[in-house]
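Remarks on the structure that follows.
The values are calculated or read from the model by the stated rules, or taken from the named source; none is laboratory data. Keep in mind the model is a prediction, meaning the values are calculated, not measured. Virtual Cβ from ideal backbone geometry, glycine too; neighbours counted across all protein chains shown. The area values use the complete protein model at the heavy-atom level, side chains included, leaving out ligands, DNA and RNA. Shrake-Rupley method; radii C 1.70, N 1.55, O 1.52, S 1.80 Å.
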Amino acid sequence: MNSSEGKLKSSSSELDLDRPNIEDYLPSGSSIQEPHGKLRLRDLLDISPALTEAAGAIVDDSFTRCFKSNPPEPWNWNVYLFPLWCCGVVFRYLILFPMRALILTIGWIIFLSCFIPVHFLLKGNDNLRKKMERALVELICSFFVASWTGVVKYHGPRPSMRPKQVFVANHTSMIDFIILEQMTAFAVIMQKHPGWVGLLQSTILESVGCIWFNRSEAKDREIVTRKLREHSQGADNNPLLIFPEGTCVNNQYSVMFKKGAFELGCTVCPIAIKYNKIFVDAFWNSRKQSFTMHLLQLMTSWAVVCDVWYLEPQNLRPGETPIEFAERIRDIISVRAGLKKVPWDGYLKYSRPSPKHRERKQQSFAESVLRGLELEEK
């Protein structure tokens, strides 16, 4: 007994087990018959299948990896590189950032001094007003890209205004819209945001025909679907831009596309966006970072490097369903941008596991424990 107690004390000191002994809570031998010897705790609570399933889910959690930012490897790890890194930090924050903030401020002054008169004084001439508002929105987006020292390379023909066509793109950040908007004044379908972003949405961006929704409101879906159909039929409307993933993904994976954009009976023009993470990770995790802090992160980096491909327009094939059409477009974008396809719905990021799913797992584990008890009794 003394030797076993000594071993127990040594193992406890090594592993620092600060938890109650479960065997102390088990019934005594009088309540459970043990015809074949002592009942062992490992025989009663054989949770190896549950542990195996849990470990497998952790190792192969492709869903979480879609929304996880991957910071670059640190390179300032020795005495030679650390002073260079410090000089870079000083230059980016004390020289580059003030210059970029000044550029953005000048851009807003120019934009507002032109947009406000155009918006209110040209209400009687809608065609001229819309044309000038489109040009001004493209201008302010160009100032935004300049404030990050954006190095954007566009491939393919520039989008044009045509009826019955819709543009779809993979989604990494709200800056996707800004990068695309500086070339063409798209009417985008986007989640309604709070704060100063929401103010811009409800004032300036509505002038180019943008449509906002709240994903928590079921009635908004019907309204958005109706507006999409109406907008896509207009020959004078701005090109329609949709991010069918419905959420920001980290530019390494591609989640399922919503089928709404592929049920309009329109020609679908895919756009592939790929960011180079050499200077900064452009992925915006809206659950951990506000868009203001995201912009500050971009403005204090060396540069935002990006490639945009305007790919060949596609139409629904005979016998093809909207879901199959969406998957085909996702394949085209994923291949061009070098993204890994995963079979997940991006909206799951905003949801918790279903209580029914948890109850099924609990019931399965309880049944395995009961089976172990029955076997011991036999």
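Summary of computed values
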quantity	calculated
Added length on full extension, which subtracts the Cα-Cα distance from 0.36 nm per residue, Phe120 to Lys192	23.5 nm
Alpha carbon centroid spacing (whole Å) that separates region 58-123 from region 283-310	6 Å
3J(HN,Hα) from dihedral phi, region 64-76, Karplus parametrisation 6.51/-1.76/1.60, rounded to Hz, x for glycine, proline	4, 5, 5, 10, 10, 7, 10, x, x, 5, x, 10, 9
Percent accessible area from carbon and sulfur atoms, region 82-347, protein chains only, probe 1.4 Å	63 percent
Difference of contour (0.36 nm per residue) and Cα-Cα distance, Ile323 to Leu128	66.3 nm
Inter-label distance for Tyr154 and Asn214, nm, one decimal - labels placed 7 Å from Cα along Cα-to-Cβ	3.5 nm
Share antiparallel - DSSP beta bridges, region 82-347, percent rounded to 5	25 percent
Förster-model FRET efficiency, 25 Å R0, Leu84 and Ala146, C-beta, rounded to 0.05	0.45
Entries in Lys131/Lys277; Lys192/Lys227; Lys164/Lys341; Lys130/Lys164 that, when Cα-Cα distance is taken, lie over 25 Å	Lys131/Lys277; Lys164/Lys341
Dimensionless Rg over Rh [region 82-347; C-alpha; Kirkwood]	0.97
Sites Glu359 and Lys277, calculated FRET efficiency, Cβ-Cβ separation with R0 25 Å, nearest 0.05	0.05
Region 182-325: translational diffusion in µm²/s, Stokes-Einstein, Kirkwood Rh over Cα pairs, 10 °C, 1.306 mPa s	93 µm²/s
Cα-Cα pairs of region 247-316 separated by more than 15 Å (percent)	66 percent
Rounded accessible area per residue of region 82-347, 1.4 Å, Å²	48 Å²
Stretch gain in nm, segment Gln233-Trp77, where the contour uses 0.36 nm per residue and the Cα spacing is subtracted	50.4 nm
Compactness of region 66-179 as Cα Rg over 2.2 N^0.38 Å, two decimals	1.51
